[in-house]
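K.L.:
Questions regarding the structure given below will be posed in turn.
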Amino acid sequence: MRRAAAADADAAARTLFLSVLFFLSLSVSRRTNTRQRVVMRFPFFEPILLQRTKREEEEETEEEDSIECALNAEINGKFLALNDDDTNGGTTARRKLLPDVARVVALDNLWKKKKKRDEEEEEEEERRAFVKALASVNVGGQTDDDKIIDVRASVEKYWERETVDESGDGGDGFDEEKTLGAKSFVVDAASRNGGIVGEVDLFERLERVFPQTVFARAPVESFVFNNDGGGGGDDDDDDGHRKRFKYDAIVYNASDETSTFRYHIDGCPVTLLHPQSAFAKAYGGNYANRTPMRDDENGARASVKPRFVSLLVYLNDEWDPEWGGETKFLDEDSQIGLLVAAKPGRVVLFDSDVKHSVCPTTTSSSDSNNNNNNKRFSLVMKLIALPKHMFVLKKNEKEEREEDVDLLRVNPHLGFGPATPIGSAKRLRSIVEATTRRRKVA
């Protein structure tokens, strides 16, 4: 009995010892991993896609990219007048002028994961599947149909002529002309996480083009300030739902032959944010879009200013350029612009403070029998973006500082080349280059 008891005691001791070693190894491993990589968090910023597995990254490197950059332009060139503490986290009030341009990028063939040599007949099906996934919304049983609907399937069920643009002069008013937009139950369902079937797949593909950037849906609820803390009053619509403050994170639009659009901006943190909103308080008040972000000498994140970006996807399976429905972008100072045709599956990203508009569609007698043929469908996502290096902080190493990261710079390894400046952006580049040459001579 004593031997058995002693043996049991020895076994228990060994088990306890091994258990302690096991948990100590886990603790050391966790501490080691923590020393190597810390994932940072930022207020009201929920990344759509932040980290992928090593297997996914390896699979991507084996693919032969077939993405085409149809447009990579700089627009709205100007100088930002910033206090020095806006750029380096300091306390001085010295004024500083920094060159600033907005971006417009149009991508084709994003739906292709790799080039196909012997299966070209499947490309049409692949593109249609990509577009359909982004037009598919999980409405969670809000209709008599299946939970997942294709918003293009029925104009009568899923669309209404109630969408209005903010006034082109940048004021608080709205245009009287109403255009086609998805009904509120569709927008609400799409705004939920997982509401758009193809969303994650879209951003996995975008990461190949913008590897330095992390995108998140615009947290529209944090842009507003409700003084009394309750509902009711002028902030409620007829259905009892609180109206959104100038901004919806997800919008499904349709242009037809009767549509009238004005030039407008989707949003700029200077005017969009209520000064007392939670977002403004978290990020130091209202600020100019593309305000530079810096790290301080101790590696802490200082002067973090998320960039406001809009994403547009054309959702028609077929579209002839003769049918119209193009998107126009305006360089405000030079009064020249860019015209982007509604090519099926084309993805356009642009700074949300760029003025843009939509052309109505055209019809012919041959098109009139198809109710959807003369409607150009699109998905618009309002996003905020931060540099990826801000999310992963390496400790016990001298971190390489990445300043002035252009979050809409396309991946140079894809062979697209630098952005082309137009209008005021071209003039600004000439001024900066001339100034740089004079400094070198001096």
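The values are calculated or read from the model by the stated rules, or taken from the named source; none is laboratory data. Every value quoted in this text rests on a predicted model; they were computed, and no experiment measured them. For neighbour counting, all protein chains shown are included, and Cβ atoms are generated from backbone atoms with ideal geometry for every residue, glycine included.
K.L.:
List pairs: first in region 142-158 and under 13 Å from residue 184 (Cα atoms), second modelled with pLDDT of 90 or more and part of a loop (DSSP other than H, G, I, E, B), Cβ under 6 Å, 6+ apart or cross-chain?
P.N.:
From residues that are under 13 Å from residue 184 (Cα atoms), the pairs are 158/151; 158/183.
K.L.:
Could you please let me know if residue 160 is assigned by TED's automatic domain parsing to the domain that holds residue 329, of a type in the set (Asp, Glu), modelled with pLDDT under 95 and part of a helix (DSSP H, G or I)? Walk me through it before giving the result.
P.N.:
Numbers: assigned by TED's automatic domain parsing to the domain that holds residue 329: yes; of a type in the set (Asp, Glu): yes; modelled with pLDDT under 95: yes; part of a helix (DSSP H, G or I): no.
Taking the combined requirement at face value, the residue does not satisfy it.
K.L.:
Let me ask something else. Out of all the residues in region 394-442, which are modelled with pLDDT under 80 and among the aliphatic types (A, V, I, L, M)?
P.N.:
Within region 394-442, 405, 441, 442 qualify.
Per-residue answers, yes or no, for (1) more than 20 Å from residue 424 (Cα to Cα); (2) modelled with pLDDT of 95 or more:
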{"site": "291", "(1), (2)": "no, no"}
{"site": "294", "(1), (2)": "yes, no"}
{"site": "328", "(1), (2)": "no, yes"}
{"site": "331", "(1), (2)": "no, yes"}
{"site": "339", "(1), (2)": "no, yes"}
{"site": "353", "(1), (2)": "no, yes"}
{"site": "357", "(1), (2)": "no, yes"}
{"site": "365", "(1), (2)": "yes, no"}
{"site": "369", "(1), (2)": "yes, no"}
